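The values are calculated or read from the model by the stated rules, or taken from the named source; none is laboratory data. This one's a predicted model, so the numbers in the text were calculated from it and none came from an experiment. We place every Cβ from the backbone using ideal geometry, glycine too, and count neighbours over all the protein chains shown. Calculation scope for accessible area: heavy atoms of the full protein, side chains included, ligands and nucleic acids excluded. Shrake-Rupley method; radii C 1.70, N 1.55, O 1.52, S 1.80 Å.
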Amino acid sequence: QVQLVESGGGLVQAGGSLRLACAASGSIFSFVTLGWYRQAPGKQRELVAAITSGGRINYADSVKGRFTISRDNAKNTVYLQMNSLKPEDTAVYYCNLDPPLRQSWGQGTQVTVSS
């Protein structure tokens with residue numbers, strides 16, 4: 001089982017930046033694809049970025065050019081650098097495997113972007 005704890009959210013003005021971190025337990029971290037997901041009020045959870053064990057990366061169209069996902073296997077941590085934030089980025093952000101494990105969803109971290 002992989003346990004994941006997200007941190008780094010907060011309130012920021014439009015155009016600002018935040019860096020999210022996700023610390024993982026479990027020995028399989030280095031071998032799995034990891035993703036950052038978000039869920040805005042009234043909307044379904046969506047995958048915004050994913051990174052494979054080999055470092056291949058994919059982004060949702062809505063965040064391309066603004067968000068950067070990275071991972072540090074030595075620290076069992078995956079990051080999401082978010083720049084040029086927009087009010088529509090407001091959501092609870094989660095990390096999980098890609099595809100996600102139902103039992104590994106954490107509490108998430110709230111990101112609020114004011115206009």
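Taken along the Cα-to-beta-carbon direction at a fixed 7 Å, the label points for Phe31 and Asp72 span 2.4 nm.
According to the square roots a ≥ b ≥ c of the eigenvalues of the Cα gyration tensor, what is the shape class of the range 61-103, taking rounded for a/c under 1.5, prolate for a/b larger than b/c otherwise, and oblate for the remainder? In terms of gyration-tensor shape, oblate.
Overall, the chain carries a charge dipole of about 60 debye about its Cα centre when +1 sits on the Cβ of Lys and Arg and -1 on the Cβ of Asp and Glu, all other atoms neutral. Across the chain, the relative contact order, built from alpha-carbon pairs under 8 Å that are at least six residues apart, equals 38 percent. Spread over its residues, the convex hull of the C-alpha atoms of the range 1-89 is 99 Å³ per residue. Accessible surface computed residue by residue for the chain, with neighbouring protein chains in place and a 1.4 Å probe, gives 53 Å² per residue. Placing dummy labels 7 Å off each Cα toward the beta-carbon, the span from Ala21 to Lys64 is 3.1 nm.
Taking the accessible area of the chain, probe 1.4 Å, and keeping the other protein chains in place, the carbon and sulfur fraction comes to 48%. Straightening the chain between Ser84 and Arg102 buys 3.4 nm, computed as 0.36 nm per residue apart minus the Cα-Cα spacing. Accessible surface for Glu88 stands near 120 Å², nearest 10, in the context of the full protein assembly shown (1.4 Å probe). Taking Lys and Arg as +1 and Asp and Glu as -1, the other residues whose beta-carbon sits under 14 Å from that of Leu34 total 0.
Ordered by 1.4 Å accessible area with all protein chains kept, Arg56, Arg102, Arg38, Arg19 run largest first as Arg102, Arg56, Arg19, Arg38. A straight line joining the Cα centroids of the range 78-99 and the range 1-70 runs 5 Å.
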